[in-house]
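Asker: Supplied in structure tokens, the structure appears directly below.
The values are calculated or read from the model by the stated rules, or taken from the named source; none is laboratory data. From a predicted model like this one, the values you see are computed outputs, not experimental measurements. Backbone-built Cβ (ideal geometry, glycine too); neighbour counts: all protein chains shown. Protein only, heavy atoms only, side chains kept; ligands, DNA and RNA dropped before computing areas. Shrake-Rupley method; radii C 1.70, N 1.55, O 1.52, S 1.80 Å.
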Amino acid sequence: MANRDRPHIVVPTPAAAEPYSPHPPKFDRVSLPTPHDPVAHGAALITSLTTAKTDADARREHGKSLIPAGATPGLYIQFDSIENVPLKLESLENKTNHIELCAVQDVELEDAHGNKKTIQRATVFVPDGAVGHFLKRFVEYCTQTTVGGARKNKDLVDRIAALRLATLQALWTDTDSYPEPNEEIWWEVWLRRDDDAEVERFRDFASKAGIQVSARHLKFDERTVILTLAKATQLSSSVDVLNDLAEVRRAKETANFFVNLDGYEQALWTDTVRDQLGSPATDAPAICVLDTGINRAHPLIERFLANVDCHTIKPEWTAQDNDGHGTEMAGLALYGDLTPILTAAGTPISPGHILESVKVLPPRGHAPNPPDLYGAVVASATSQVEIQAPARRRAFAMAVTSTDERDRGQPTSWSSAIDALAAGRSFDPTIQGLVYLDNAEANAHRLFVLAGGNVHSLNQNHLDASDTEGIHDPGQAWNALTVGACTNLTTIDPHEPGRNGFTALAESGDLSPWSTTSVPFAREWPIKPDVVFEGGNVGKSPAGAPDFPIDSLSVLTTNFKPVEKLLTTSWATSASMAQLARFTGAILKEYPQFTPETIRALIVQSAQWTPRMRAHFNLARRKTVRESLVRRYGFGVPSLDRALRSAKNALTLIVQDTILPFKDGRLCQMHVHALPWPLTVLASLGELPVRMRITLSYFVEPNPGRRGWKKRHRYASHGLRFEAKAPTESVDEFRKRINKRALDDEEERPDTGDSSGWFLGARIRNKGSLHSDIWVGTAADLAARGHIIVYPVSGWWKDQPKRDRSNYGAQYSLIVSIETETSDVDIWTPVAQQIGVPIPGAIEI
């Protein structure tokens, strides 16, 4: 094993930035089936649109008593595509006429014979007076042809199978089934932002309709989200009279983490541990725990949590932990599992970071609370701690997740709020919106460490169960570090009462039976969890039934009632998350200059699959199978030693840079990194096998409305990609292979790339806003790979130039590690000498 006694090397040389334009993609044009009678098809659409307008006027007149002051009259049109052909979404909007695409969904339909087909359904708001925009295009389709002989507007009209006046159900973008007409539920109502009076109008409508509205709302750039308790029949009239609606979903409820945990027999050594603790530095970084509060009176916590750093969302709750879960998270975030600490008396264990606490959930025993906009709750929580200690470096740790998995990777108001906060947005309580308070947000990015959420029911076939239950909201957030659970706890204490004949369900080094995965996600969504960590195991009775809790299969932490007992057990993804939050605190202390993007990347870069996990990967010859496995295990189990230190034979290079992705609606620049490289040493090693790992981490700004995720409605503001130089190509060939603008006149794109040796490959790794992959080959080949290009791909910043923030730069972190199995090889020192990094043990003259 490598002796990790060397610092990571931060590359001081900036990248060479050059103007960038991508090579044109190779794709096959979609062949549109032409209607049997195009004129009749166009005429039918004209008739349907005219009927829709007449019906809308009648419905508005019928509900005129509900019309709020200032409402813009108009109608919602539902467009259905032909089978398996998407609509031309960009042509369903027109900003000049204030026609807006509101919601897009793929719908599976079944005919009278039981045959199923999939169509795309889009719901569009059309103001009064703008219906002629579509009528004109339909008439042109029927009567005019282009120079090439095709019907005018063919690409728009041929894709439309039918249109009709929309109902509220057409704005339902949840994967859950639409509520029954008289079923009263909490709705998450997404409102179009036009004049910033949409909340006032919705409250006016709700008052007249006799429905309850939550006190809190959340504003994104183009959408405002608010909750209302209503029946479908009550809310449905809003599409006729309000015209502020964009989409509706079922509101979220939080998971029940607050069970009565069985504690270990009271440890007698807690005082010994407390006596070893030092006092934190005045500038110590913090882990901010968003949970049920923390009991700071615990002797292992009080020194690391000041009273002024205990906050609560609602003053009537008080900041004290009345449930236990928050205090459990606090102990794990400070120390990790206390079991090895208590059994190793005399070992220094004093944390280098402190705690902050925000109580974001009501105490047990309070009357049931309605669902809340948890994105707004988290935003408010970040604001509280940052007002209290604005200069403090911190990471936010949250184990709270939703009780469902219905989003299957799709962004929600909760996950999108976390992405916005991570990307530098702040919560403005005056408008309850996520805004940039100024343009100096380079140091305002935030790191969120989130639990992936737990399976609803334990199963003997626990891997199959985990692979069918998706990461819970908000764990799908692109910019967060999402943690799943694995386990090495497989031995049940024979003295544990009532467990005679029990065995552990999961094998050592495998996924914990609690952990959810992103295997059920559509493949365009991020790989989650990013990493996994110890989350405890589950027992299996002699009859084969899963059972918990079992203390010896759980991790040890602090109890919220220290007068009764000091210690208790914890398990599942919440325990995994809190232990990994401890890692972030250690990195924040060790490398105060590192950005949140870098810390996230370092933790992923340090992760390795256990032998048990790797056995699954070794059987996966196809990369599609590997993708499913990495969506189960993430990138493995992080190592704090690897995250903090390099070794002589294990070099980690860190680049922190800022790129300009777009300018004036076009891709702008790419970065060529000529890395300090141990070229001579690697070349001398010849055929010796080596490993290189690259991780690219950046934060995107979200665009959360469910409007097809295409072009200007893409979720991510921008995307970045990396490519490494192939061993046999020159640097110029490498540049020209990536950048069309690097080609000379009439020069062809060089075919010099080499994708062999990569474990995942570009198709799998390029998901979300963190991309990591491993290359294995010979040292001689690696010697020639010291150049890496980072380049942008499209995002909604490009498609909406007025909202493009590229001129402020998009931060990213690029981490490159190279490692040999031979311990006497030194690849760290030659690089350190190149850039003047002090060498440990060297004598200064």
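Asker: Suppose each label sits 7 Å from its Cα in the direction of the beta carbon; what would the Thr778-Val147 distance come out to in nanometres?
Answerer: Here the answer is 5.6 nm between the modelled labels.
Asker: May I ask you to evaluate 6.51 cos²θ - 1.76 cosθ + 1.60, the Karplus curve with θ = phi - 60°, for each residue of segment 481-497 and list the ³J(HN,Hα) values in order in whole Hz, giving x for glycine and proline?
Answerer: Per-residue couplings from phi come out as 8, 9, 10, x, 10, 10, 7, 10, 8, 10, 9, 8, 4, x, 8, 6, x Hz.
Asker: Which value, in Å to one decimal place, does the Kirkwood hydrodynamic radius take for segment 284-332 when every pair of different Cα atoms is included?
Answerer: That comes to 11.0 Å for segment 284-332.
Asker: Quick one: Cα convex hull volume of segment 397-518, Å³ per residue?
Answerer: 143
Asker: Follow-up. For segment 83-238, take every pair of Cα atoms, bin their distances at 10 Å starting from 0, and report each bin as a whole percent.
Answerer: Using 10 Å bins, I get a P(r) of 9, 31, 32, 20, 7, 1 for segment 83-238.
Asker: If the cut-off is 15 Å between C-alpha atoms, which aspartates and glutamates fall inside it for Lys252, apart from same-chain ones fewer than 8 positions away?
Answerer: Asp174, Asp176, Glu184, Glu188, Asp372, Asp404, Glu405, Asp407, Asp473
Asker: Using alpha carbons only, what's the Rg to Rh ratio of segment 780-845 with Rh from Kirkwood?
Answerer: Radius of gyration over Kirkwood radius for segment 780-845 works out to 1.19.
Asker: Also, quick follow-up: Considering all alpha-carbon pairs of the chain, what whole percent are spaced by more than 41 angstrom?
Answerer: 39
Asker: Quick one: which of Lys88/Lys710; Lys116/Lys710; Lys64/Lys231 span more than 22 angstrom between C-alpha atoms?
Answerer: Exceeds cut-off: Lys116/Lys710.
Asker: Another question about this same structure. Once you have the Cα-Cα distance between Ala58 and Asp155, take 0.36 nm times their residue separation minus that, and quote the gain in nm to one decimal.
Answerer: 31.7 nm
Asker: With +1 on each Lys and Arg Cβ and -1 on each Asp and Glu Cβ, how big is the dipole of the chain about its Cα centre, in debye rounded to the nearest 20?
Answerer: Rounded to the nearest 20 debye, it is 1380 debye.
Asker: In addition: Taking Lys154 as the anchor, which aspartates and glutamates have their alpha carbon closer than 19 Å to its alpha carbon, excluding any fewer than eight residues away along the same chain?
Answerer: Asp28, Asp37, Asp80, Glu83, Glu90, Glu93, Glu140
Asker: For Ala40 and Gln169, calculate 0.36 nm times their separation in residues minus their Cα-Cα distance, and state this gained length in nm to one decimal.
Answerer: Between Ala40 and Gln169, full extension yields 43.6 nm more.
Asker: Now, a different point. Quick one: 3J(HN,Hα) in Hz for segment 284-293, Karplus 6.51/-1.76/1.60 with θ = phi - 60°, rounded, Gly and Pro as x.
Answerer: 3J(HN,Hα) across segment 284-293, in whole Hz: 4, x, 10, 9, 8, 8, 9, 7, 9, x.
Asker: Right, another one. Enter the angle in degrees (range 0 to 90, nearest 10) between the Cα long axis of helix 131-143 and the first principal axis of the Cα atoms of the chain, meaning the one along which they spread out most.
Answerer: Tilt of helix 131-143: around 70 degrees.
Asker: Compute the accessible area per residue over segment 412-481, keeping the other protein chains in place, probe 1.4 Å, unit Å².
Answerer: Value returned for segment 412-481: 31 Å² of accessible area per residue.
Asker: Moving to a separate point now. Calculate the spin-label point distance for Lys136 paired with Glu687, positioning each point 7 Å from the Cα along the beta-carbon direction, and give it in nanometres.
Answerer: With each label placed 7 Å out from Cα toward Cβ, I get 7.2 nm.
Asker: Residue-wise, which Karplus ³J(HN,Hα) couplings in Hz belong to segment 528-544, taking 6.51 cos²θ - 1.76 cosθ + 1.60, θ = phi - 60°, and x for glycine or proline?
Answerer: 9, x, 6, 9, 10, 8, 3, x, x, 10, 10, x, 10, 5, x, 7, x
Asker: Over segment 587-682, give the accessible area per residue in Å² for a 1.4 Å probe, as an integer.
Answerer: With all protein chains present, segment 587-682 gives 37 Å² per residue.
Asker: Helix 413-422: angle to the longest alpha-carbon principal axis of the chain, degrees 0 to 90, nearest 10?
Answerer: Taking Cα atoms only, the helix is inclined about 60 degrees.
Asker: As an exercise, take the mean of 1/r over every pair of distinct alpha carbons in segment 714-845, invert it, and state the Kirkwood radius in angstroms.
Answerer: That comes to 18.0 Å for segment 714-845.
Asker: Using the structure shown, select from Lys740/Lys798; Lys663/Lys711; Lys117/Lys528; Lys711/Lys802 the pairs with a Cα to Cα distance greater than 21 angstrom.
Answerer: Over 21 Å Cα-Cα: Lys117/Lys528.
Asker: At R0 = 22 Å, how high is the FRET efficiency between Ile835 and Glu18 if r is their beta carbon distance? Nearest 0.05 is fine.
Answerer: After rounding, the FRET efficiency stands at 0.45.
Asker: Can you report the principal axis dimensions of segment 517-617 using only the alpha carbons, biggest first, rounded to whole angstrom?
Answerer: Here the spans come out as 47, 40, 26 Å, largest first.
Asker: Sequence-distant or interchain residues sharing an amide H contact under 5 Å with Leu567, placed H: which?
Answerer: When sequence neighbours closer than 5 places are left aside, the close amide H contacts are Ala267, Asn559.
Asker: Report, in cubic angstrom per residue, the convex hull volume of the C-alpha atoms of segment 36-152.
Answerer: Looking at segment 36-152, the number lands at 150 Å³ per residue.
Asker: Still on this model: Would you grab the residues whose amide H sits under 5 Å from the one on Thr610? Only those 5+ places off in sequence or on another chain, please, with H modelled 1.01 Å from N.
Answerer: Val637
Asker: While we're on this one: Angle, helix 325-335 long axis vs. longest principal axis of the chain, Cα atoms, 0 to 90°, nearest 10?
Answerer: 50
Asker: Taking amide H positions as placed in the peptide plane 1.01 Å from N, state which residues far from Ala246 in sequence (5 or more) or on other chains have amide H under 5 Å from it.
Answerer: Under 5 Å from the amide H of Ala246: Trp190, Leu191, Arg192.
Asker: For an R0 of 30 angstrom, estimate the FRET efficiency from the Cβ-Cβ distance between Ser350 and Lys314 and round to the nearest 0.05.
Answerer: The calculated FRET efficiency here is 0.30.
Asker: Here's something else I'd like to know. So for each of 509-522, 62-75, 711-724, 662-675 I average, over its residues, the number of other beta carbons within 10 Å; can you give me the resulting order with the highest mean first?
Answerer: Final packing ranking: 509-522, 711-724, 662-675, 62-75.
Asker: Dipole magnitude of segment 751-791 about its Cα centre, charges +1 at Lys/Arg Cβ and -1 at Asp/Glu Cβ only, in debye to the nearest 20?
Answerer: 220
Asker: Please get the size of the charge dipole for segment 696-827, origin at its Cα centre, with Cβ charges of +1 on Lys and Arg and -1 on Asp and Glu, quoted in debye to the nearest 20.
Answerer: 1540
Asker: How much length is gained if the chain between Asn461 and Thr503 is pulled fully straight, taking 0.36 nm per residue apart and subtracting their Cα-Cα distance, in nm to one decimal?
Answerer: Taking Asn461 through Thr503 to full extension adds about 13.7 nm, to one decimal.
Asker: Helix-only mean residue ellipticity at 222 nm, the chain, DSSP H runs n ≥ 4 weighted -39,500 (n - 2.57), per residue, nearest 500. What is it?
Answerer: -7000 deg cm²/dmol
Asker: Carbon and sulfur atoms: what percent of the 1.4 Å accessible area of the chain do they account for?
Answerer: The computed percentage sits at 50.
Asker: Let me ask something additional. Given R₀ = 35 Å, FRET efficiency for Glu747-Phe617 by Cβ-Cβ distance, to 0.05?
Answerer: Between Glu747 and Phe617 the formula returns 0.30.
Asker: Using label points projected 7 Å from each Cα along Cα→Cβ, tell me how many nm separate Ala762 and Asp195, to one decimal.
Answerer: That separation, rounded to one decimal, is 4.9 nm.
Asker: Per residue, how large is the accessible surface of segment 770-845? Use a 1.4 angstrom probe and give square angstrom.
Answerer: 41
Asker: Can I ask one more? Near Lys736, which lysines are there with a Cα under 19 Å away, not counting those fewer than 8 places off in the same chain?
Answerer: Cross-link targets: Lys26, Lys725.
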